[in-house]
Structures are given as structure tokens and as C-alpha cells.
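Trainee: There's a structure below that I have some questions on.
The values are calculated or read from the model by the stated rules, or taken from the named source; none is laboratory data. As the structure is a prediction and not an experimental result, all values here were calculated from the model. Reconstructed Cβ throughout: ideal geometry from the backbone, glycine too, with neighbour counts over all protein chains shown.
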Amino acid sequence: MGKTEIYGTIGPACAREEILTDLFCLGMTGIRLNLSHTGLEECREWTDRIKAAAKGAGKQAKLLIDLQGPELRIGGFQQPLELAEGQMAVFVGDGKNGGAAPIPQLEPTRGAAGGGDLAAALSPESAHGDSGDEKIAEVPLPEAVLLALKEGQEVLLDDGKLLLKAVGAGKAGMPGKSVWCRVLRGGTLKPRKSIALPGVKLKLPVLTDSDRENIRCARSHGVTGVMLPFVRSAEDLKELRRELQEAGAGELEVFAKIENMEGASHLEELLPFADQIVIARGDLGNSMPLWELPVVQAEIARACRLAGKPFLVVTQMLASMEEHPFPTRAEVSDIFRAVSEGAASVMVTGETAVGKYPAETIRFLANTVKAAEAYCKYPSN
């Protein structure tokens, strides 16, 4: 096996040049820039620092841009929302700001809330207990998602950390469409986090206007590869390659992110059009019972090995290190497994972008990769 590429993700926690230089010196060979809610030109200072840091560390760093693509994310709001299990919230269109808003009137829906009267079930007392608080959390969703919500539909947010269930429609007091939901699994919700609707297929464009603009200026930033989220079929990758050719950037590597079962089921047909397959376990894990994810990961890895196609493994590889300077045994075992199964690349995301210990994260990632590579060199293994 060849040398495994080690990718971090740039963010506020590691954006200073001296920190980036340390990460490259510790073994990072490339870095991801998430463009899901920003533009590449707005990140010029960061990309300049990446190039300077790599040069200072004596490396030719790889820079991957992660496009918006057909990815779904909640809208923006000023403060994180604390959503408790059993609490009521309301989904609104992302054209308005989320946050705390007066409780709207309700449109009773037959059969909701266990067959009782929805308005009574979703009263302020039901939503907030006896606190008398007349504010409720608004969660802004893209219009396509909001229109697709039906009573009983589950909604996973932030890679499945939070789980909500649509229970009825809001009416008076809420401009446009709004949908009541109950929190089944709570937590802190921050802006621009991922959305998944289990069992629902939405027709979304392969590339956004922002994606096209980012592709046009990619070469001037030193970009070496493009990650396309939620790849569904070979047609998605063909469209991306056409866009790259038209932008004079046809040499950039294409990383196809497999994030749902639609992409996984079409893996064989899209392999010829990708330079690397990305096993993106966050949203991929939302599309199935979580205990099935290791099987799907192994099946994708096996298909890539048989086809001679490099693959990258990402999501929560060292998630505990966002808060702690030392990983769990399960996390380092996860990295070891990915490399021993033939991964060409491994990547951390929030651990370096917003975590407290970006340097320690890369140190553990690089050292675990080295241990796995050394183990795999022995013929008996």
C-alpha cells in the first residue's frame, strides 16, 4: 500500500499561519476548505496562509474545496438553539431568521399528536411546561425541505445528533409555510448544520451558482481537488467534470462523496468518473440504522479495492478531540481499520476547524496511520 494522505479541515481554530505550519510538520499532507456557506474568494486570506504554511514546512500541500452541491443545510440564526427532548419547535422557511419567536396559532391536523387535538397538544404549556415562556425555537429550513415535510416525517440535524418529528402545520402568525415538530433527541443546534430526511428523495441541482463561481476561481487559489457532496449517480460527476473543463480546471481531482444509499447503490457506475471515493459517514449514517454503517463502509471499501479506485474515510474519526487532548481507544481503532482496509486518505473535520486541540489531533491521526501502515507491510497481515 502507498502512503496514506492525511487531511485536516481549516477553520477558526487552525487558521493562523503558525498553527497551519505546525499541522503540516506533524504529518498533515492536505487540507479541506468547506464552502457550504461561504465563497472561495472570501477565503483568499486563508488559502494564502495555507500555501505559505506548506512552503514553510517544506511540503506541497493538497487543497480540497468541498462544494455545496445537492447538500441540505438549515439556515442561519444569531444564537445556538437549545432543544430539549419532548420540546416543541417550528420549522420555517430559511428566507427568515430563525431563533426564538412568539408561538404561532395552529392548524389542527387530524390524527396528529397521538390522535388528540393538535392545538391542545401543542399548547404553550405542552411546549414549555409551566414556565409561562411564550417563545419557541424556530428552525429555518430550505423551501424544498419544508414543502416535502409530511406529518410523521422524521428530520435529522447535524449529522444525526438531533432528531425531530413533524407533527402538524402552523398557520396564523407565521409568514409562508411552517411546520410544527417535536424534539425526539435534543441538543445544541448551531446554524448551517446538515439536514437529512430518512426515506425522502428531493430533486436538487448538482451544482449551485456559488459552486460554479468557486470552480472558476479554484486554480488561482491553488486548489488541487474538488469534493462533490451527495453524489447520486454518474451524471452528477459528469456535470461536475464538464464545469471543470469549461473553467479551464479539468486537471483538478474529483472526490465523490457517498452520503446516502442512492449514491452507494450506484457506486459501480460512478467509479470511472471519480478520482477518489469519499466514504462520508455523517450523512451516510443518517440514511440507515447506525449499526449498519460499518457494513456499508466495508462494502464501499471493498468495491473500491477491487476497482483499483482510491478512497477517503471521513467523519468523527477523532471527534472527542474537539473537546479533549486525548482520543478514545475506539477512535484510534477506527483510523487503524480505515487504513488497514486500504484507505488512500483519511480526514478530520471539526477536530481541526473548531476543536480545542488541532495540533494534538493531527499528531494522533498521523501516528495512528503510521502504525497501521507498518502493520500492513508484513506479508502475514
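Trainee: Kindly check whether there is at least one residue in segment 270-287 that is more than 27 Å from Lys62 (Cβ to Cβ) and not in a helix (DSSP H, G or I). Before the answer, list the steps.
Mentor: Step one: filter segment 270-287 for residues more than 27 Å from Lys62 (Cβ to Cβ), giving 286-287.
Pick out the ones that are also not in a helix (DSSP H, G or I) and you get 287.
Yes, because at least one residue in segment 270-287 is more than 27 Å from Lys62 (Cβ to Cβ) and not in a helix (DSSP H, G or I).
Trainee: Considering only residues that are at pLDDT 85 or above and among the β-branched types (Val, Ile, Thr), which ones fall in segment 127-152?
Mentor: Val139, Val145
Trainee: Suppose we keep only residues that are modelled with pLDDT of 90 or more and outside any loop (DSSP other than H, G, I, E, B) within segment 56-81. Which one would you say is farthest from Cys25 (Cα to Cα)?
Mentor: By that ranking, first place goes to Leu81.
Trainee: Need the failing condition index for Gly250 against (1) within 30 Å of Thr47 (Cβ to Cβ); (2) touching a helix residue (DSSP H, G or I) at 6+ places or on another chain (Cβ under 7 Å); (3) touching a residue at least 12 places away in the same chain (Cβ under 8 Å); (4) not β-branched (Val, Ile, Thr), just the number.
Mentor: (3)
Trainee: Does Leu312 meet the test of being at pLDDT 95 or above, assigned by TED's automatic domain parsing to the domain that holds Ala343 and either surrounded by fewer than 14 Cβ atoms within 10 Å (Cβ to Cβ) or part of a helix (DSSP H, G or I) (or both)?
Mentor: On the way: at pLDDT 95 or above: yes; assigned by TED's automatic domain parsing to the domain that holds Ala343: yes; either surrounded by fewer than 14 Cβ atoms within 10 Å (Cβ to Cβ) or part of a helix (DSSP H, G or I) (or both): no.
Answer is no for this residue.
Trainee: Would you pick out the residues in segment 282-297 that are at pLDDT 95 or above and either under 25 Å from Thr29 (Cβ atoms) or in contact with an Asp or Glu (Cβ under 6 Å, 6 or more places away or on another chain) (or both)? Give the steps one after another, and end with the answer.
Mentor: Here is the first cut: in segment 282-297, the residues at pLDDT 95 or above are 291-297.
Of everything in segment 282-297, just one residue is at pLDDT 95 or above and either under 25 Å from Thr29 (Cβ atoms) or in contact with an Asp or Glu (Cβ under 6 Å, 6 or more places away or on another chain) (or both), namely Gln297.
Trainee: Further, regarding this structure: Just one of (1) surrounded by fewer than 20 Cβ atoms within 10 Å (Cβ to Cβ); (2) within 21 Å of the chain's Cα centre (by Cα) trips up Phe77, so point out which.
Mentor: Against the list (1) surrounded by fewer than 20 Cβ atoms within 10 Å (Cβ to Cβ); (2) within 21 Å of the chain's Cα centre (by Cα), Phe77 comes up short only on (1).
Trainee: In the set Ala120, Ala84, which member is among the hydrophobic types (A, V, I, L, M, F, W, C), surrounded by fewer than 20 Cβ atoms within 10 Å (Cβ to Cβ) and modelled with pLDDT of 50 or more?
Mentor: Values: Ala120 fails: modelled with pLDDT of 50 or more.
Being among the hydrophobic types (A, V, I, L, M, F, W, C), surrounded by fewer than 20 Cβ atoms within 10 Å (Cβ to Cβ) and modelled with pLDDT of 50 or more holds for just one of Ala120, Ala84, which is Ala84.
To keep it simple, each residue is scored yes or no on (1) in contact (Cβ under 8 Å) with a residue 60 or more places away in the chain; (2) part of a strand (DSSP E or B).
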{"residue": "Ala15", "(1), (2)": "no, no"}
{"residue": "Ile19", "(1), (2)": "yes, no"}
{"residue": "Leu23", "(1), (2)": "yes, no"}
{"residue": "Arg32", "(1), (2)": "yes, yes"}
{"residue": "Arg44", "(1), (2)": "yes, no"}
{"residue": "Thr47", "(1), (2)": "yes, no"}
{"residue": "Lys51", "(1), (2)": "yes, no"}
{"residue": "Ala54", "(1), (2)": "no, no"}
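Trainee: Which residue pairs have Cβ atoms under 7 Å apart, sit 6 or more places apart or on different chains, and have a first residue in segment 342-358 that is free of Cβ contacts under 8 Å to residues at least 60 places away in the same chain and a second that is in a loop (DSSP other than H, G, I, E, B) and surrounded by fewer than 24 Cβ atoms within 10 Å (Cβ to Cβ)?
Mentor: Tyr357/Pro325
Trainee: If I ask for residues that are crowded, with 17+ Cβ neighbours inside 10 Å and under 25 Å from Leu33 (Cα atoms), which ones from segment 364-381 would you list?
Mentor: Here is the first cut: in segment 364-381, the ones crowded, with 17+ Cβ neighbours inside 10 Å are 364-366, 368-369, 372.
Selection gives Phe364, Leu365, Ala366, Thr368, Val369.
Trainee: Out of curiosity, is Pro379 modelled with pLDDT under 95 and either of a type in the set (Asp, Glu) or over 22 Å from the mean Cα position of the chain (by Cα) (or both)? Show your work before the answer.
Mentor: Values: modelled with pLDDT under 95: yes; either of a type in the set (Asp, Glu) or over 22 Å from the mean Cα position of the chain (by Cα) (or both): yes.
Yes; evaluated as a whole, the condition is true for this residue.
Trainee: Here are some conditions: (1) surrounded by 20 or more Cβ atoms within 10 Å (Cβ to Cβ); (2) at pLDDT 95 or above; (3) not in a strand (DSSP E or B). Gly250 meets all but one. Which one does it not meet?
Mentor: Of (1) surrounded by 20 or more Cβ atoms within 10 Å (Cβ to Cβ); (2) at pLDDT 95 or above; (3) not in a strand (DSSP E or B), only one is false for Gly250: (1).
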